[in-house]
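A quick write-up on the structure given underneath.
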Amino acid sequence: MPEGPSIVILTELIENLHLHKPEIIEVSGNVTTIDQDRLLHQKIQEFRSFGKRFLICFKDFTLQIHFMLFGTYLINDTKKTPLKLGLTLKKDQLNFYTCKVDLLEGKADSLYDWSIDIMGDEWDSKKAIKKLKELPDSYICDLLLDQHIFSGVGNIIKNEVLYRSRIHPLSKIKDLPLAKIKELVAEARHYSFDFLKWKKEGTLSKHWEVYNQKVCPKNHPIAKKEIGKTHRQTYYCPACQKKYN
DNA sequence: ACGTATGTTATCCT
DNA sequence: TAGGATAACATACG
């Protein structure tokens, strides 16, 4: 569920219900981080995604849902897991489980820097490149996961993008030629949309070239290590991916 | 059946 | 005190 493209899918699913600024008739769930009464009888203005966050937008505040690692949702269905937040509309019900819910004052437009949303129309690759160059000593595997640079990129996207760009995860920004940085940033955006397409088709895992794989497409053995500052599981091909230093 | 994990953050260490 | 390690969340998947 958690990476950016999956949140886009959720947003599209709800948009396809063709709700028209629906009123919240009932609020349920065990969420404690927000005042549930604040939502009652409010009209939802729109649904949006920002990075890994799902946004339910109201006139002057924004409900932000982050699914973390285990979060799930059901539309017009329920399950046994304790309900974190349920929103009953006139005809539909939106149920969120195992997620982090926050109520932020203000409109979504002004709450986030939309130019860093990897799936967004306003994505600004030049800005990402600029931010990367400001962190010369960081490993590229950590920077791809930096939500202040690549909002919405997660561990799967990280691994696949590094393979596509043929960059070893422990390369540092200062050692990468500018052309390579540009390629990487472009690939981060491009693969995110491939992820979206394949996830919709149900073929995402079939297209993994390194993530969860034993060998790369050229049949070289894949290395699997927890590396970088973030210690996230990293899959890479030592033969195909060049270490810049 | 069990180990692992698409993520983040608070808290406890050193 | 800065930074690192750890736990917590609760489920699905192979």
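The values are calculated or read from the model by the stated rules, or taken from the named source; none is laboratory data. Fair warning: this is a prediction, and the values are worked out from it, not measured in the lab. Cβ atoms come from the backbone with ideal geometry, glycine included; neighbour counts cover every protein chain shown.
Checked against the criterion of being assigned to a loop (DSSP other than H, G, I, E, B) and among the acidic types (Asp, Glu), the candidates A:102, A:77 yield just one match: A:77.
Considering A:127, A:100, which residue is within 14 Å of DNA strand B (Cβ to nearest atom), charged (D, E, K, R) and surrounded by fewer than 22 Cβ atoms within 10 Å (Cβ to Cβ)?
Matching residue, one of A:127, A:100: A:100.
Residues that are away from DNA strand C (no atom under 16 Å from the Cβ) and assigned to a strand (DSSP E or B) within segment A:1-46 comprise A:23, A:26, A:27, A:43, A:46, listed in sequence order.
If I ask for residues that are farther than 16 Å from residue A:116 by Cβ, of a type outside the set (Ser, Thr, Tyr) and in contact (Cβ under 8 Å) with a residue 40 or more places away in the chain, which ones from segment A:1-15 would you list?
Initially, segment A:1-15 is screened for residues farther than 16 Å from residue A:116 by Cβ, giving A:1-2, A:6, A:9-15.
If we keep only those that are of a type outside the set (Ser, Thr, Tyr) too, we end up with A:1-2, A:9-10, A:12-15.
Residues satisfying the conditions are A:1, A:2, A:9, A:10, A:13, A:14.
Please determine whether any residue of segment A:213-225 is closer than 27 Å to residue A:8 by Cα and under 17 Å from the mean Cα position of the chain (by Cα). Looking through segment A:213-225, none of the residues is closer than 27 Å to residue A:8 by Cα and under 17 Å from the mean Cα position of the chain (by Cα).
For residue A:120, the requirement of being assigned by TED's automatic domain parsing to the domain that holds residue A:42 and buried (at least 18 other Cβ atoms within 10 Å of the Cβ) is not met.
The residue pairs whose first member lies in segment A:82-106 and is touching a residue at least 40 places away in the same chain (Cβ under 8 Å), whose second member is of a type in the set (Asp, Glu) and not in a loop (DSSP other than H, G, I, E, B), and whose beta carbons are closer than 8 Å, counting only pairs six or more residues apart or on different chains, are A:86/A:26; A:87/A:26; A:88/A:26; A:89/A:23; A:90/A:23. The single condition among (1) exposed (fewer than 15 other Cβ atoms within 10 Å of the Cβ); (2) modelled with pLDDT of 90 or more that residue A:69 does not meet is (2).
Run residue A:151 past the list (1) free of Cβ contacts under 8 Å to residues at least 40 places away in the same chain; (2) surrounded by 22 or more Cβ atoms within 10 Å (Cβ to Cβ) and report the number of the one that doesn't hold. So the condition that residue A:151 fails would be (1). Cβ-Cβ distances below 8 Å connect the following pairs, each with a first residue in segment A:207-230 that is among the hydrophobic types (A, V, I, L, M, F, W, C), a second residue that is assigned to a helix (DSSP H, G or I), and a separation of six or more residues or different chains: A:208/A:156; A:208/A:160; A:210/A:159; A:210/A:160; A:210/A:162; A:210/A:163; A:216/A:163; A:227/A:141. Out of A:207, A:220, A:190, one residue alone is in contact with a Cys (Cβ under 7 Å, 6 or more places away or on another chain), surrounded by fewer than 18 Cβ atoms within 10 Å (Cβ to Cβ) and not charged (D, E, K, R). It is A:220.
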